[in-house]
Amino acid sequence: AFLLTRRLDERARLHPFETTLLRHVPFLSGLAPYELERLAAASAWRDVPAGTPVVRAGEPGHEFFVVAEGELAVDVPGSSHRPVLHEHDFFGEIALLRSVPRTATVTATSPARLLVLSAQPFLAAVTGAQDGYAVAAELAGRYQDLESVGGGGAG
């Protein structure tokens, strides 16, 4: 039994940094620790050079992003407002939650490191959480409302 437990311990890989980063997202923060860990395990890292668009307005959305490092500019078509995203900010939820094309172009203005979740684990986590979907949908709605009056969103 000891040998089996030891092998399981060696195979178990925790994701403390990813879990902490995901906990900063308001609609994910209420997930149980094991759910956050599962989501962290399903995530991947993406390094983005300065000047590189991560998502483009009008394109289909398949991923959700949390900023670990760097700075990214958000350009919403028809808006002069240009929000900047930093560590712990996130984007990409609008396209996933509303099944609409990306609502903004997000471009790295400095080298950036992003934690990326594909649509399936993101939506499973948000819709499986008691209030996660409602909070995420409310945030997505707020961003879309801001866009219509010249504010910013990061879809």
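When the residues of segment 22-35 are narrowed to those that are touching a helix residue (DSSP H, G or I) at 6+ places or on another chain (Cβ under 9 Å) and surrounded by fewer than 22 Cβ atoms within 10 Å (Cβ to Cβ), which ends up farthest from Ile94 (Cα to Cα)?
Pro33
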Checklist (1) buried (at least 19 other Cβ atoms within 10 Å of the Cβ); (2) more than 16 Å from the chain's Cα centre (by Cα); (3) within 24 Å of His15 (Cα to Cα) applied to Phe64, failing item: (2)
Tally of residues being crowded, with 18+ Cβ neighbours inside 10 Å and in contact with a Gly (Cβ under 8 Å, 6 or more places away or on another chain) across segment 67-83: 4
Scope segment 44-64; condition under 12 Å from Ile94 (Cα atoms) and aromatic (Phe, Trp, Tyr); matching residues: Phe64
Residue pairs meeting the criteria (Cβ under 8 Å; at least 6 apart or on separate chains; first over 16 Å from Asp75 (Cα atoms) and assigned to a loop (DSSP other than H, G, I, E, B), in segment 87-113; second of a type in the set (A, V, I, L, M, F, W, C) and open to solvent by 20 Å² or more (accessible area, probe 1.4 Å)): Pro111/Ala50
Boolean, Gly132 is at pLDDT below 85, at negative phi and crowded, with 18+ Cβ neighbours inside 10 Å: yes
Pairs where the first residue, in segment 38-64, is charged (D, E, K, R) and the second is in a strand (DSSP E or B) and open to solvent by 50 Å² or more (accessible area, probe 1.4 Å), C-beta under 6 Å, 6+ apart: Asp47/Arg113; Glu63/Ser118
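Could you please find all residues in segment 111-123 being touching a strand residue (DSSP E or B) at 6+ places or on another chain (Cβ under 8 Å) and open to solvent by 30 Å² or more (accessible area, probe 1.4 Å)? Steps first, please.
Initially, segment 111-123 is screened for residues touching a strand residue (DSSP E or B) at 6+ places or on another chain (Cβ under 8 Å), giving 111-119, 122.
Scanning segment 111-123 gives Pro111, Arg113, Ser118.
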Lone unmet requirement of (1) outside any loop (DSSP other than H, G, I, E, B); (2) at pLDDT below 95; (3) within 15 Å of the chain's Cα centre (by Cα) for Gln144: (3)
Selection from segment 41-60 of residues that are open to solvent by less than 20 Å² (accessible area, probe 1.4 Å) and at pLDDT below 95: none
Strands (runs of 3 or more DSSP E) contained in segment 47-86 and holding at least 2 residues over 10 Å from Ala108 (Cα atoms): 63-69
Residue match in segment 84-93 (condition: modelled with pLDDT of 95 or more, exposed (fewer than 13 other Cβ atoms within 10 Å of the Cβ) and touching an Asp or Glu at 6+ places or on another chain (Cβ under 9 Å)): yes
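The values are calculated or read from the model by the stated rules, or taken from the named source; none is laboratory data. Since the model is a prediction, treat every value here as computed from it, not as a measurement. Cβ atoms come from the backbone with ideal geometry, glycine included; neighbour counts cover every protein chain shown. Quick note on the areas: whole protein, heavy atoms, side chains included, nothing else; ligands and nucleic acids left out. Shrake-Rupley method; radii C 1.70, N 1.55, O 1.52, S 1.80 Å.
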